[in-house]
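Please read the structure below before turning to the comments.
The values are calculated or read from the model by the stated rules, or taken from the named source; none is laboratory data. All values reported here derive from a predicted model rather than from experimental measurement. Reconstructed Cβ throughout: ideal geometry from the backbone, glycine too, with neighbour counts over all protein chains shown.
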Amino acid sequence: MAYVMHDWLAAINSFQQVIHEEPSVPAAWIGLGMCHRELGNPEKALQCEIVGAHLVVNGETWKELAKKSRCVRLSSEPSMR
């Protein structure tokens with residue numbers, strides 16, 4: 001419910017509770033990553049999404065994570081100006 005209401009901190013808490021009780025639930029990891037992305041934490045989001053992807057065999061998920069990884073890397077590199 002917190003996620004639907006865009007209460008990202010409460011949603012993070014809920015996803016973390018699920019992960020604490022059952023760490024093999026991919027949706028909890030993916031949801032946690034999406035919350036971190038909404039809060040402007042792309043590196044943390046990517047880490048969570050990668051854990052979730054390890055729990056699901058889906059080639060499209062890995063392709064999307066590769067794209068996100070490139071964006072995170074590029075946004076964290078110092079400007080060449």
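Name the residue that is surrounded by the most Cβ atoms within 10 Å (Cβ to Cβ), counting only residues in region 1-32 that are touching a Phe, Trp or Tyr at 6+ places or on another chain (Cβ under 7 Å) and under 15 Å from His54 (Cα atoms). Selected residue: Leu32.
Please verify whether Glu64 is charged (D, E, K, R) and modelled with pLDDT of 95 or more, treating the condition exactly as stated. Criteria not met by Glu64. Highlighted here are the helices (runs of 4 or more DSSP H) found entirely within region 1-59 that include at least 3 residues which are under 17 Å from Ser69 (Cα atoms) and either modelled with pLDDT of 95 or more or within 12 Å of the chain's Cα centre (by Cα) (or both): 26-38, 42-54.
Remark: pairs (first residue in region 42-61, over 17 Å from Val18 (Cα atoms); second residue surrounded by 13 or more Cβ atoms within 10 Å (Cβ to Cβ) and of a type in the set (S, T, N, Q); Cβ separation under 7 Å; 6+ apart in sequence or on different chains) = Leu46/Ser69.
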